[in-house]
1. Tell me, in nm to one decimal, what length is gained between R294 and D78 on full extension, where the rule is 0.36 nm per residue of separation less the Cα-Cα distance?
2. Just to be sure I understand the model, the point goes 7 Å from the Cα along the line to the Cβ. What's the resulting W130 to M207 distance in nm?
3. Mind ordering 7-17, 48-58 by average Cβ neighbours within 10 Å, highest first?
4. Return the ratio Rg/(2.2 N^0.38 Å) for segment 227-322, where Rg is computed over Cα atoms only.
5. Report in % the part of the accessible area of the chain that belongs to carbon and sulfur, leaving out ligands and nucleic acids; probe 1.4 Å.
6. Which aspartates and glutamates, if any, have their Cα less than 15 Å from the Cα of K119, not counting same-chain residues under 8 positions apart?
7. Contour minus end-to-end for Q372 and D258, with contour as 0.36 nm per residue of separation and end-to-end as the Cα-Cα distance?
8. Under 17 Å from a label point 7 Å along Cα→Cβ of H197: give me every residue in segment 125-164 with its amide N that close.
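The values are calculated or read from the model by the stated rules, or taken from the named source; none is laboratory data. On a predicted model such as this, the values are computed, not experimentally measured, just so you know. All Cβ positions, even for glycine, are placed from backbone atoms using ideal geometry, and neighbour counts span all protein chains on display. Accessible surface areas use protein heavy atoms only, side chains included; no ligands, DNA or RNA. Shrake-Rupley method; radii C 1.70, N 1.55, O 1.52, S 1.80 Å.
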Amino acid sequence: MASHLFTPIRLRELTLKNRVIISPLCQFSAIDGNAVPWHWAHIGQFAQSGAGLCILEATAVSAVGRITPGCLGLYSDDNEAALTRLLKDTRTFSDMPMGIQLDHAGRKASTRPTWDLPKGNNVPDEEGGWKPEGPSPEPFTPAWRTPIELDAAGLARVRDEFVESTRRADRCGFDLIEIHAAHGYLLHEFCSPLTNHRTDAYGGDLMGRLRFPLEVAKAMRDAFPAHKPIGVRITGEDWVEGGLTLDDAVVFAKALKDIGIDYVTPSAGNVAPGMKLPKVVPGYMVHFAEKVKREAGITTMTVGMIYDPHHAEQIVASGVADMVAIGRAIMDNPRWPWHAATALGERIDTPKQYARSSPQHWPAYAQVHGVQLRAGEGVMSHATRE
Ligand SMILES: Cc1cc2nc3c(=O)[nH]c(=O)nc-3n(C[C@H](O)[C@H](O)[C@H](O)COP(=O)(O)O)c2cc1C
């Protein structure tokens, strides 16, 4: 029987060949927000992977909104030129749709990349650190930088920065945008009662706290071509007493759907210290997607320790989520979709240069499974050509 994971899905005018999605993965390797050769290698390997979509890492809408000095940005002409080149080069050998996650790090900006954390969390001023901005002037912990509280003019500016980066993403040639409203960054900080203590219209009850993220999403939707989809990474639960709950996620997802957002990815946590994590087992956040999909009626992507192709298949086949994002497993093995396809008895396109590598193209495998080989496949390594 045909696999559900390898069934196409359509988001507006964009058709993904399958439901395996490469999760956004920060690389902390950019210079002044610009993509560097590492990104060509990193995205290049993913572009050969056969996944249905690759979503580029959290990319800042302003220099202040970078998590670290090494975060990708889409706030300057140089940033735009670098990502345009990256996409143009990638498209010479891959037709994989490319998405980008747009982000503002909020109070969690100006921190060091994970590998430099032993030197301390914050980037000090003398090393180019900066003052973050957030919904309320409260640091993540007393050891973090205290953000500047965004006033009305600041909110309008940040919204416009998201819109400007949206226009840049379109000009770069991205097929899809994912808005980052999770993991304790700015838009999540507005949503959560743990981090939003405003007394104006952008704080207070849930609808007040969702107001700014919804205004940003709506402005981005208006600025991005109607045929290109926009998704949002949201929070299923804060996992901290008094924080966002899964019911809140359903309310947010419904409101996002109403303004034309095409899918949500419920993730969780990282907005405040003192998290009580559930047991982190494969698919530990699938139930978020299931409830949000059922109750908000929106297309969902799930994420979280999904590495077994049969597990991914079962998630999509049972209808609890529409797409499966793979993060660490695909960094570990960028050919994950090839092997998943083989394990599920499917066939996906692989680069012609590598047609002889994948088991699904080996003569013995093809014979046993009745696979019709194409030109260049099934040629053994002792062929006369080398
Ligand atoms: C190195 C690394 C970088 C990440 N960067 C991002 C990011 O840019 N945006 C985001 O929403 N999540 C980010 N995440 C979270 C992943 O996208 C994913 O949600 C998480 O790792 C759980 O999925 P997994 O178990 O398949 O890795 C990152 C995770 C890792 C390990």
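1. Stretched fully, the R294-D78 segment lengthens by 73.5 nm.
2. 3.5 nm
3. Put in order of decreasing packing, that is 48-58, 7-17.
4. 1.07
5. Details: 8720 of 16020 Å².
The nonpolar share, carbon plus sulfur, comes to 54 percent.
6. Counting by Cα, and skipping residues close in sequence, K119 has these aspartates and glutamates nearby: E127.
7. Working: separation 114, 0.36 × 114 = 41.04 nm, distance 4.55 nm.
So the extension gain works out to 36.5 nm.
8. It comes to 133-151, nothing else.
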